[in-house]
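Colleague: Here it is, the structure, as structure tokens.
The values are calculated or read from the model by the stated rules, or taken from the named source; none is laboratory data. Values in this document were obtained by computation on a predicted structure and should not be read as measured data. Neighbour counts run over all protein chains shown; Cβ positions are idealised from the backbone, glycine included.
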Amino acid sequence: MPVRGCFVFTAARSYGLTAGTYTAILGAMSGQGDRLELDAETMRVLGYRVVDRLVERIAGLGDEPAWQAGDRVTLERLLREPPPESAEPFDTLLDRLVRDVLPHGARVDHPRFLGFVPGSPTWPGILGDFIAAGYNIFQGSWLGGSGASAIELVVTDWFKQWIGYPDAAAGLLTSGGSVANLTAIACARQLRYGGHDDRAVLYLSAECHSSVARAARILGFGSDRVRSVAADTVRGLDPFALEESIRVDRAAGLDPFLVVANAGTTSTGTVDPLPALAGIARASNLWLHVDAAYGGFVVLTDRGRRELDGLGLADSVTLDPHKWLFQPFEAGCLLVREGSHLETAFRILPDYLQDARITDDGERLRPVNFMDRGAQLTRSARALKVWLSLKYFGLPPFRDAIDRAMDLAVQAESQLVEAGRFQILSPARLGIVCFRRIADDHDRVHTDEISLERANARLVSALSASGHALISSTRIDGRYALRFCILNHRTTSADVSSVIGWLRCAHFRPDT
């Protein structure tokens, strides 16, 4: 310590000064100080202003457009600037964000946002993220975040119970379903081969989420080692087609090792025949991974458990709390039936982390380093928001919200049929219904598929541009389809009816 510092430190101790005061004295003597620190009152005032803006936004969501365009030219003009060399008032910056940045895009928590996959986080969940950021928890190791790690163990144990997994199962929270799927495939491959093997083949349905194919690409699987298995009559993965594909690959000297099934596809909410696929996987020595990112948490309801029968038979399961558990984004989960497989696949302990080493002393409840269960070393405390939200409300309101959303999809299908101007292409399942507007009777004989597609695509664009609601599209058996995804605890029967009314009354004239 410099002489001046020693003098001040001695003086501080003599007069009973705190370490903070000592630091301030040093800063004053040097003419500097911690220019990035704010006093308690300033922090409190700024925080209240942010919270007030968030509350105002959420309270007025239904009065805002569900989507607002933001073209690149406009946003560049508003936001492009050199790095700031001088400070600006916080209120000015907050106003600018609220005016020029945040309105441009989709409001995925809007009650009439019925496209893609909505996200409508609860307020306790939002505050959980706020707390996790404020405490800046490092949760890669037990040493760094034992309290938050204990909460993650509790939360993932709840998830295990809900899907019917044994006590030996284990998991971790991830940024979302994409990383959970990647982690599952990497785990299965490492256990099977200890690395990559060119003979390895994985199987998935044509309805599988794109993250699965992307995960295979990242992990080095060529397109000739990823099989898209034919669908059955209800667009699920066909067990007979899977068995035949396995037989053909083995006869060719390849090694089938993993099949990815779906518990709620993104396009239609389809659930694959999980018990049958589990039987094939066991008989053929394949790892069965179920991507339940979309539909998994409907198991909280009676009908959801029936829909997802067999989910607990999988070797691994992806879940997404930011969907049916209504959490802020970046809340995914991977569970593995034999939990020790995760650490076998991912545990690497370099010298610079030796202080975080956990030795197995035979205790039943040994600490857990979550860095040993996946790809991330530095990871935030994602479980806080889930725990806080579930504990604040209890499970019954979540069950009610799930049931209500699925009921609204059934209502939507019924109203579309009654309207007489729509064709159902995929019936309501897990909150999703797919359909298209069709031409009036006198025009139908002259209308072809291309004309119908163009006309329906114009409906999607016009509805989004109106701001009243947002829906998205997909393809069902090659046909362009409009798609409702009702997964928002704020969405009401009136919201659904108003969107259907808009689509029914909108100008619709297919090219002929």
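Colleague: May I ask you to list the residues in the stretch 217-275 that are touching a strand residue (DSSP E or B) at 6+ places or on another chain (Cβ under 8 Å), modelled with pLDDT of 95 or more, farther than 26 Å from Gly195 by Cα and outside any loop (DSSP other than H, G, I, E, B)?
Modeller: Within the stretch 217-275, Leu237, Ala241, Ala263, Val271, Leu274 qualify.
Residue-by-condition table, conditions (1) out of contact with any strand residue (DSSP E or B) (no Cβ under 9 Å at 6 or more places or on another chain); (2) surrounded by fewer than 24 Cβ atoms within 10 Å (Cβ to Cβ); (3) of a type outside the set (Ser, Thr, Tyr):
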site: Val290; (1), (2), (3): no, no, yes
site: Leu300; (1), (2), (3): yes, yes, yes
site: Arg306; (1), (2), (3): yes, yes, yes
site: Gly310; (1), (2), (3): no, yes, yes
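Colleague: Same structure, new question: For residues that are among the charged types (D, E, K, R), loosely packed, with under 14 Cβ neighbours inside 10 Å and out of contact with any helix residue (DSSP H, G or I) (no Cβ under 8 Å at 6 or more places or on another chain), scanning just the stretch 85-113, find the one that is nearest to Gly431 (Cα to Cα).
Modeller: Arg99
Colleague: Quick check on the stretch 425-435. Is at least one of its residues surrounded by fewer than 21 Cβ atoms within 10 Å (Cβ to Cβ) and either in the same structural domain as Ser267 (by TED's automatic domain parsing) or farther than 21 Å from Gly62 by Cα (or both)?
Modeller: yes
Colleague: Any idea how many residues of the stretch 38-78 are outside any helix (DSSP H, G or I) and under 15 Å from Leu93 (Cβ atoms)?
Modeller: So the answer is 1.
Colleague: Residues that are within 30 Å of Phe221 (Cβ to Cβ) and of a type outside the set (Asp, Glu): which helices (runs of 4 or more DSSP H) entirely in the stretch 99-194 hold 3 or more of them?
Modeller: So the answer is 142-163, 177-193.
Colleague: Also, quick follow-up: Among the residues of the stretch 84-93, is there at least one that is part of a loop (DSSP other than H, G, I, E, B) and at pLDDT below 95?
Modeller: No; the residues of the stretch 84-93 include none that is part of a loop (DSSP other than H, G, I, E, B) and at pLDDT below 95.
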